[in-house]
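To start, the structure itself, in structure tokens.
Every read-out reported here was derived from the displayed coordinates using simple, explicitly stated rules and does not represent laboratory data. Computed from a predicted model, the values in this text were never measured in an experiment. Methodologically, a virtual Cβ is constructed for each residue, glycine included, from the backbone with ideal geometry; neighbour enumeration extends over all protein chains shown.
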Amino acid sequence: MTDDARPSILVVEDMPALREHIVETLRELGAEIIIHSAGDGREALALISAAAQPYQLIVCDIIMPYLDGEALLAELRKRDYPSSIIMLTALGQDDVIVRCLRLGACDYLVKPVGIDELLVACGNALQHMPLLNRSIEVEYDPHGWFEISGQSDASVLYKYRKFLCLLDKFKIPEPAASEVRLALEELGRNAIEWGNKGDQLKKVKFGARVLPGKIIVSIEDEGDGFKHDTVPNPSLDPLAHIESRKDSGKRMGGYGIHLIKHLMDKLIYNAKGNRVVAIKYLNQQPERQEAGA
């Protein structure tokens, strides 16, 4: 494999010992991966400009001298640089994290970063579509509300999942936190694949609000909508369901609405059927129900 065809990673970190540790850790991703490093944003830009091919992945600290990670990310956004970017951050930098996600970072890791966590994040990012050239809008406040909208693409859902990680600081108990994440994953994929039918000219919008005793989430697409109460239950004939999914070229799964009914306490659909609000109660478990809006 020629150098031009080999995956490449750039590590940008101003602390030499940590920078070398990250480089050595990432070598476990494979001997064919090229890894370069820089001590600050200016050095990183010099390497980026001199490289024959764009780096597939950049792992970048936020606080650095001369040119910090946020400024480097902004410059790469101006250039429409086609790389997945993971930011390294300290605790309590939620506002900075949000700005970096708005600028196109696909992920963030909180220091100190574990070896397994770093390898998983970088492995995922190397397989993930670059986000810098995607149009994604983010609204967020530190009191537990955020909304993300963008092209009907898995990259929007990927970033939405990262925002859900910010909700950890609200100490949402298990199993509620995992159930909400699973429900949102299924709702998000359905909005992209079924609602917008993968049309990247159409947008999806994801929102979440954490209130005392409950979590409210919303998913909206620009598709034609559907009658949620007419969706067949795939568990009644699993084999026929699988064959139907294969014939239509869709992913395995499709248990979305029926799964979500068991994970969330209330589902409220608009009249068109292209927007759903799901509510999860944290302190009590009222009888699950559906409603139209």
Task: Residues of the stretch 167-225 that turn out to be surrounded by 16 or more Cβ atoms within 10 Å (Cβ to Cβ) and part of a strand (DSSP E or B), as a count - done: 16
Open item on the list: Looking at the structure I just gave you, is R42 in contact with a strand residue (DSSP E or B) (Cβ under 8 Å, 6 or more places away or on another chain) and basic (K, R)?
Closed with: no
Task: Those strands (runs of 3 or more DSSP E) lying entirely in the stretch 1-82 with at least 3 residues within 24 Å of the chain's Cα centre (by Cα) - done: 8-12, 57-61
